[in-house]
1. Give the distance, in whole Å, between the Cα centre of region 143-205 and the Cα centre of region 219-236.
2. With every protein chain in place, what's the accessible area of HIS233 (1.4 Å probe, Å², nearest 10)?
3. In degrees, nearest 10, range 0 to 90: what is the angle between the Cα axis of helix 170-182 and the longest Cα principal axis of the chain?
4. State, to one decimal in nm, how far the label point of LEU101 lies from the label point of THR162, with both points 7 Å from Cα in the Cβ direction.
5. Normalising by the residue count of the chain, find the relative contact order in percent from Cα pairs under 8 Å and 6+ residues apart.
6. Counting only C-alpha contacts under 8 Å and six or more residues apart, can you give the relative contact order of region 12-121 as a whole percent?
7. Would you look at the GNM of the chain, springs on alpha carbons closer than 10 Å, and say which of LYS37, LYS152, LYS136 moves the most?
8. Around MET241, which amide H atoms from residues at least 5 apart in sequence, or from another chain, sit under 5 Å from its own amide H, with H modelled in the peptide plane?
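The values are calculated or read from the model by the stated rules, or taken from the named source; none is laboratory data. Being a predicted model, the structure only gives us computed values, none of them experimental. When we count neighbours, we look across all protein chains shown, and the Cβ atoms used for this are built from the backbone with ideal geometry, even at glycine. When the accessible area is computed, the model is the full protein with side chains, heavy atoms only, and any ligands, DNA or RNA have been set aside. Shrake-Rupley method; radii C 1.70, N 1.55, O 1.52, S 1.80 Å.
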Amino acid sequence: MPDTTSPTGEYLLEVKNLKKYFPIQKGFMRRTVGNVKAVDDVSFFIREGETLGLVGESGCGKTTTGRLILRAYQPTGGSIIFKDRNLGAINIPELDKRHMLTLRRNIQIIFQDPYSSLNPRMTLLEIVGEPFILHKIASGKEIKDRVAELLKKVGLRPEYMTRYPHAFSGGQRQRIGIARALALGPQLVVCDEPVSALDVSIQAQILNLLRDLQSELHLTYLFVAHDMSVVEHISDRVAVMYVGKLVEMAETEQLFGSPLHPYTEALMSAVPKPDPRYHDTNILLEGEVADPANPPSGCYFHPRCRYATPLCKQETPSLREVRPDHFVSCHRAEELTLAGVTATTVTFKGKHST
Ligand SMILES: Nc1ncnc2c1ncn2[C@@H]1O[C@H](COP(=O)(O)OP(=O)(O)O)[C@@H](O)[C@H]1O
Ligand code: SF4
Ligand SMILES: [Mg+2]
């Protein structure tokens, strides 16, 4: 694995050789017959104040990675070093129960589905105000004031706080989810496909809200998505995952302009074409995503890769830094010239930003 250790300690989060294997159990005795290697030796870092996009097809391990960071799962191996403002630099999987409560204040999540992630029996006041009660931070009238403030921040009217989630649209519900996630002033927010369930017209509004809140509140994001154009719009750097492994990681402009991994190239060509910058060659991602319980030999991408050679079937490439800050795991990274897009000024669904 490459050494992604920061000489200056500038990283807010540093994930090293992270693994999560889910056992596959069969029969009456529930014998373990194999493992789903959902996250398999993944290393990356996130600098304070930036957004790292984590992208890949469904099933490649993005949500599991996010859940490991939140300590919803205990990893099979590896470390997750987080610079907590109260606890200092800690390894999340080793944290004891008492300190977990503190950590929960500083790492929060925004979920994909704003319909199932909000309790339908709770009012907005209860949903957004609950973290203050759980963490014994405020009570009574103070909670009301804080909730009103949060609702305003996410573009909702404070008068709505007595209503229930069913009274709101998908985009509004996601705003409620964001308000709850931000209630305790987190340092890091894991955004797990926060716009994937929303209408395209609403997606840009939520992405822009997340960006505005990031600069106002000095937030750091791990932004998970399967859509390259969404990731491009919001990320400072992007990490690409395939079947539990990281295959490429670079600054957004680098990754989109000069991708080094054939999977990244194929993902970009799969973007629907209203955006003319995405080339029309349409490198189809043929075949299914490999099964993480039974991955192919060598490079996991080889059955779908149009550049594969016999070596690719035999040897698994490891992630290496090919250019400064540009990591890739492909045997042929130096010799291939792959198609990218000019990603300096991003046009996203009619919304213009840089
Ligand atoms: N709790 C679980 N038990 C067993 N397998 C799981 C569990 N959660 C996820 N997986 C499997 O791990 C792989 C990665 O899943 P996930 O992290 O949800 O991917 P993504 O978010 O990229 O779609 C998939 O093959 C999925 O079926
Ligand atoms: S290592 Fe080989 S199969 Fe894998 S992405 Fe590179 S060229 Fe394709
Ligand atoms: Mg997911």
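1. 18 Å
2. Result for HIS233: roughly 10 Å² accessible.
3. The two axes meet at around 80 degrees.
4. Going from the LEU101 label point to the THR162 one covers 3.3 nm.
5. After rounding, I find 19 percent.
6. Values: 155 pairs, mean separation 28.5, N = 110.
Dividing the mean separation by the residue count of region 12-121 yields 26 percent.
7. Highest fluctuation among the options: LYS136.
8. VAL55, GLY56, VAL247
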